[in-house]
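First comes the structure, then the notes that go with it.
Values in this text are rule-based calculations from the coordinates and carry no lab data. The structure presented is a predicted model; accordingly, all values stated were derived computationally and were not measured. Positions of Cβ are generated from backbone atoms using ideal geometry, with glycine treated the same way; all protein chains shown enter the neighbour counts.
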Amino acid sequence: MALHLNSFFGFPVILLYHWMGTTLSLNLEDPNVCSHWESYSVTVQESYPHPFDQIYYTSCTDILNWFKCTRHRISYRTAYRHGEKTMYRRKSQCCPGFYESREMCVPHCADKCVHGRCIAPNTCQCEPGWGGPNCSSACDSDHWGPHCSSRCQCKNGALCNPITGACHCASGFKGWRCEERCDQGTYGNDCHQKCQCQNGATCDHVTGECRCPPGYTGAFCEDLCPPGKHGPQCEERCPCQNGGVCHHVTGECACPPGWMGMVCGQPCPEGRYGKNCSQECQCHNGGTCDSVTGQCHCSPGYTGECQDECPVGTYGVQCAETCKCMNGGKCYHISGACLCEPGYTGEHCETRLCPEGIYGLKCDKKCPCHMPNTWSCHPMSGECSCKPGWSGLYCNETCSPGFYGESCQQICSCQNGADCDSVTGKCTCAPGFKGAACGTPCLLGTYGVNCSSVCNCKNEAICSPVDGSCACKAGWHGVDCSINCPSGTWGLGCNLTCQCLNGGACNALDGTCTCAPGWRGEKCELPCQDGTYGMDCAERCDCSHADGCHPTTGYCRCLPGWSGIHCDSVCAEGQWGPNCSLSCYCKNGASCSPDDGICECAPGYRGTTCQRICSPGFYGHRCSQTCPQCVHSSGPCHHITGLCDCLPGFTGALCNEVCPSGRFGKNCIGICTCTNNGTCNPIDRSCQCYPGWIGSDCSQ
């Protein structure tokens with residue numbers, strides 16, 4: 001910055017100085033900003049008049065100096081010099097205990113506030129839950145908030161949040177100050193757990209442990225007291241006797257049938273039975289009652305509730321004895337004594353009063369019975385008693401079909417047309433069946449009477465269990481089904497005609513066709529699709545360059561220009577056409593197309609057989625390229641390469657360059673022999689000698 005001061009000796013004084021760095025960014029209204037005046041020096045550059053000796057000339061009488069005389073005088077000119085100047089300025093800075101941060105004065109704490117912030121010099125404001133000069137001490141369990149200044153209100157061992165003062169309840173308690181127990185049915189942390197107790201048990205609000213009511217046990221009070229125990233915690237012993245069951249809660253005895261009393265120690269009184277002896281016995285005729293079941297124990301000759309006499313033919317205790325009375329004698333149900341029919345006598349009525357074959361009151365009549373079929377003739381009435389299998393007044397008639405035995409009263413159980421023996425009821429089975437009642441068919445593979453014969457049918461044919469005849473499966477015939485259906489027939493009895501075409505084979509069972517190689521379709525009427533061949537057309541043609549393959553053999557039909565088993569070999573050089581059987585006629589190194597035999601001429605040739613070179617002025621592949629403008633050439637460019645054919649003495653792509661010095665002739669391959677600086681003619685090698693020399697090579 002430049003300052004213009006008052007003129008010194010009439011000359012202006014210019015002061016140049018640099019301001020010292022000052023802090024101008026602080027807010028002067030900030031109470032934490034202090035300011036004061038300070039002095040500082042600046043370097044100035046000032047101008048001043050500098051005296052010097054000025055020489056000038058005046059007219060004078062000095063003839064020697066052409067009337068010019070030298071004179072001196074003091075003059076002044078402006079000069080510059082450096083000096084220092086003291087100046088004053090107001091300086092702002094942070095007050096003591098504060099420091100500048102981001103254009104603000106912030107307080108400084110010597111000890112870092114660990115869990116808080118510095119709000120004044122060496123003064124920390126702590127976060128809730130922390131205290132101490134530097135906020136590094138956590139609140140104790142009874143205090144919370146900033147500087148741990150608030151007292152906790154939590155009860156029942158709850159933890160106090162050191163930041164908010166909120167109570168974290170111990171297990172089993174709830175409420176703002178954890179002053180309440182968990183509600184009935186809940187327990188644990190925050191009372192979130194559901195009690196699992198059953199049967200009216202209470203749940204510990206802290207642990208969830210179940211306190212069982214009397215009569216129950218188990219972790220969840222889910223079980224009744226074990227047998228023989230009852231009451232609180234199932235600790236009391238049951239007093240019940242004779243199999244009585246104790247109530248799990250009260251211990252009261254539930255007696256089994258036949259017992260009564262407080263501890264089930266008294267049997268039922270006579271005439272009573274059942275649970276608590278509450279049932280009345282129903283036994284008659286002197287029978288006694290079972291105190292447990294109420295079942296009657298009858299006097300001899302009775303059964304059931306002792307009201308019914310023993311069934312006919314039995315007597316005694318439980319009617320277990322069998323009567324031995326004969327000839328129609330009746331048995332006494334109590335003692336078994338026999339009451340004989342008229343005409344009989346003896347302990348068991350076994351003795352006839354009349355001799356055998358005689359009957360009547362005076363034993364004077366002859367029995368009319370057919371004796372071989374008769375057991376006896378009644379001594380009083382002469383009635384015939386037939387042997388089993390016989391019937392009629394005189395026992396001279398056999399049993400009707402379906403009946404047998406005593407008096408032909410029993411029904412035969414024979415099945416499937418079997419004959420029944422009229423005496424024993426034994427069955428004589430028809431062919432194809434067996435068993436006591438002839439209800440079982442012959443096992444598979446057997447037939448005939450009693451299933452005693454073995455079937456001889458082949459190929460899973462079904463054998464008749466009656467006569468062993470074979471019912472052939474489809475595709476077979478013959479007596480034992482051992483003969484295949486004749487060619488061209490199929491099915492049951494080989495009565496159906498095959499429909500297979502093109503040499504297909506017919507399945508004798510279901511008539512389905514198995515096609516010959518190369519054919520397909522339900523009746524083998526379709527050839528294999530393109531690209532397939534063989535049995536069921538399942539094989540894939542393996543041909544590379546072919547018009548498909550033979551549907552039967554799979555032999556590839558090669559396209560023109562290809563040969564080999566898979567048609568993957570190009571025709572040999574000089575051959576073309578189907579299977580490479582034709583010879584090429586191309587000339588001058590031309591190649592022959594294996595497909596159609598057309599000649600592909602080598603560069604520089606043309607024509608059907610490539611027998612002609614390119615027309616003048618053209619060269620290369622198909623003679624399609626134009627020759628360059630050859631200058632010193634024997635003609636147009638070469639028909640193959642397109643290179644110019646330079647005349648002797650010339651070279652270059654266009655033959656427009658003379659052979660380099662020292663070379664001559666065709667393609668400049670000759671070496672000149674001129675000596676002594678003689679100049680060589682590039683065309684014919686003749687030397688043009690330097691003055692003073694002669695000779696063909698200028699060597700003389």
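Quick rundown of the values:
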{"read-out": "Overall form of the stretch 535-628 per C-alpha gyration tensor (a/c, 1.5; a/b vs b/c)", "value": "prolate"}
{"read-out": "Gyration tensor (alpha-carbon) shape descriptor, the stretch 354-393, a/c threshold 1.5", "value": "prolate"}
{"read-out": "Cross-link partners of LYS458 among aspartates and glutamates (Cα-Cα below 15 Å; sequence separation of 8 or more within a chain)", "value": "ASP480"}
{"read-out": "Dipole magnitude of the chain about its Cα centre (Cβ charges: Lys, Arg +1; Asp, Glu -1), debye to nearest 20", "value": "3700"}
{"read-out": "Kirkwood-type radius of the chain, with distances r between different C-alpha atoms, in Å", "value": "50.8"}
{"read-out": "Among LEU492, PRO431, HIS621 the positive-end extreme of the charge dipole of the chain (Cβ point charges)", "value": "HIS621"}
{"read-out": "Gap separating the Cα centres of the stretch 173-231 and the stretch 371-446, nearest whole Å", "value": "81"}
{"read-out": "Cα-centre dipole for the stretch 298-353 with unit charges at Cβ (Lys and Arg positive, Asp and Glu negative), debye to 20", "value": "200"}
{"read-out": "Unit charges on C-beta of K, R, D, E only; dipole of the stretch 431-590, Debye", "value": "280"}
{"read-out": "C-alpha center-to-center spacing [the stretch 350-368, the stretch 586-627] in angstrom", "value": "149"}
{"read-out": "Top positive-direction residue, dipole computed over the stretch 590-700 with Cβ charges, set SER686, GLY604, GLY665", "value": "SER686"}
{"read-out": "All lysines inside 21 Å of LYS174 as judged from Cα atoms, apart from same-chain residues fewer than 8 positions distant", "value": "LYS155, LYS194"}
{"read-out": "Lysines whose Cα lies under 27 Å from that of LYS365, excluding same-chain neighbours fewer than 8 positions away", "value": "LYS330, LYS387"}
